[in-house]
Amino acid sequence: MSTKSVHLQQNHLRMLELRLWLLLAVTALAVAGGLALGLALARTPVVQDYLPSGPAFFHKALVTHVVFSFQVWLLALLAALAASTASRPGPGLVGVGLAAIGGMLMLVVTLAGWGEASLNNYVPVLDHPLYFAGLVLLAIGVAASLWRPGTGLAALGWCYAVALGCFALASWRLPAEMDPAFRLERLFWGGGHVLQFVNTGLVMVAWQRLSGHQPTKLSRLAFVLLALGASAAVVVELRFDPQGLAWRQAYTHLLWYMLPLPPVLMAADVLAASWRKLDWRSLAGWALLASFWVFALGGGAGFALGAGDTRTPSHYHAMIGGVNVALMGVVICLLLPSLGRPIGSPRLPRWQIGLYGGGQLLHALGFYLAGLAGVARKTAGAEQGLDSVFKLVSMGVVGLGGAVAVLGGVLFVGQVLTRLVRHD
Amino acid sequence: MIRLVLSVLAFLALAAWWPGWHQAEQPLGQAVDPAAFVAQTEAFAARYQRGERVEAPAGEVPLLARKFEFWPDVKLQPDHSYRLRIMAQDSVHSVAVNGVELLLVPGFVQDIDVSPGDQLELRCNEYCGLGHNRMRLKLY
């Protein structure tokens, strides 16, 4: 086989891998959306009795909804970004297969109603061996894609390795006979925090690629500082007992002190380089702007963490929203065109990004205001204690923003899946 | 070049400021016989039960943190001083009061001093199961 034909075959496999990771990422969002419908059905009288595990399906569907819309979607997108530049597609193709099997295992466990739901922070789980096997396969699959030459994502690869190390260490250090809820919370706490460095790195890469701006010394430094910040997890693990309070608080403080600077540097670098050059009315500019706004709101709300009210969901909804809107922009503006499958008219994607970004902004703002007024997180109905007009209006804004964001999300999934599956 | 140096200095300052380097492990509180403390709390609740709530006199108030409640449902007088003595009964819980968090572990009692004018609400701050967010007690 000639060098040219080997090169062509490699390129074909690379495109196949990228397409498969994108399919996995967007399908994860579609499944998460389907499970969100399941959440509603699980609270509907009569209908709830016909669900796989009756009314208990609510918490099980909620767990997998979060895992698919957060972990699977973001990690598959991370792997897709790695695939878009990596030179050797082999490990990535194996990785996407493992990750897909992992996702299917988790879905089967959910639909079969197996395992108890645990709504612990970061990676909620169904306490069943097959569910954990699914998570492990997903983690290995993404690692196979990320840890290879030519991805240009070395800092994210390092942060991801630290996160997996934290999960493994916690699993070894926490006794199996502990109370399951406490053990699962602590098992995913440390690595879950470090995964936020990965997610932040993901949005930094997305900003850079959307701006079309070549890496500078400052942007490279931002990634180095991100990797250094994540590495401080080693200090936490060496100094503290994972069952103690100091261990838990040190990870919270890790995000407060080590995480904000790298994205600020990257945003400053991208803005300084692109302010006059970038067409902010273009789709990429629009996605970049929406991401900056939503991400900034989420970052601000992060300083109210630990208050136990709805400022916590305000923080994470806005952070995820800011990451998501940038990634949606990358998928539509860069990755689909690189596969030769661009979306024809920019009109619908523009609406989609506006609806998703605007909806997330409203959703998070409503949560923040409700939290200021004292509405507790993770409560519903009478438990919320909506005893003032301010609280009622704030939670109304939450609902309105959520509905608008969901509409934007559905439009994204519909458009991208159509382009990935169908070829004109 | 100046931007790079400033960025590194800012990062180093934040890293040095990070409490993870010097933070000490919080004490778990006074070690007690869990069964005896549960019995003491039950006796206290039975003695001061008034209708649906337990109206505690000024002084020491024993409390249990368990899935998913702080028990008994104590009502305090806003103009009295109290010392809340809390122990986790079943698994690890925690409580944050005036910005200070205390881990609640079975077999150890943590003390919280309540002064006149305080308006405290106890909330579990350590995920303990599906009812975790319901685990709260308004003390007034």
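What follows is calculated from the coordinates using simple rules that are stated; it is not laboratory data. Values in this document were obtained by computation on a predicted structure and should not be read as measured data. Because the Cβ atoms are built from the backbone with ideal geometry, glycine has one as well, and the counts that use them run over all protein chains shown.
What to note about this one:
- 0 to 90° range, to nearest 10: angle between helix B:34-48 axis and chain B longest Cα axis: 60 degrees
- Exercise: per-residue mean of other protein chain Cβ atoms within 10 Å, B:2-9: 4
- Charge dipole (debye, nearest 20) of the protein assembly as shown; +1 at Cβ of Lys and Arg, -1 at Cβ of Asp and Glu: 2360 debye
- Expressed to the nearest 5 percent, the antiparallel share of DSSP beta bridges inside the protein assembly as shown is 75 percent.
- When restricted to Cα atoms, region B:29-138 yields an Rg and a Dmax of 12.9, 36 Å, respectively.
- Greater than 29 Å apart at Cα, pairs in A:LYS4/A:LYS217; A:LYS217/A:LYS277; A:LYS391/B:LYS75: A:LYS4/A:LYS217
- Among A:LEU365, A:ILE332, A:GLY298 the positive-end extreme of the charge dipole of region A:279-424 (Cβ point charges): A:ILE332
- Span-like helix check, chain A: qualifying full DSSP H segments, with Cα axial length of 24 Å or more and mean Kyte-Doolittle of 1.6 or more, are A:90-112, A:129-146, A:389-421.
- With N as its number of residues, region A:279-424 has a Cα radius of gyration that, divided by 2.2 N^0.38 Å, comes to 1.16.
- When the alpha-carbon atoms of region A:229-335 are used, the pair Rg, Dmax equals 16.8, 51 angstrom.
- In the frame of its principal axes, region A:1-132 has Cα extents of 65, 24, 23 Å, reported largest first.
- Shape index of region A:153-277: Rg/Rh, with Rg the Cα radius of gyration and Rh the Kirkwood radius from the inverse mean 1/r over Cα pairs, equals 1.08.
- Rounded to the nearest 20 debye, the dipole size of chain B about its Cα centre is 360 debye, using +1 on the Cβ of Lys and Arg and -1 on the Cβ of Asp and Glu.
- Share, in percent, of DSSP beta bridges within region B:17-126 that are antiparallel, nearest 5: 70 percent
- Cβ charges +1 (Lys, Arg) and -1 (Asp, Glu), total dipole of region A:1-152, debye: 560 debye
- Longest site-free stretch - chain A; sites: trypsin sites (Lys or Arg not before Pro), DSSP loop, at most 11 other Cβ within 10 Å: A:1-275
- Hydrodynamic radius (Kirkwood) for the protein assembly as shown, which is based on Cα pairs only, to one decimal in Å: 25.1 Å
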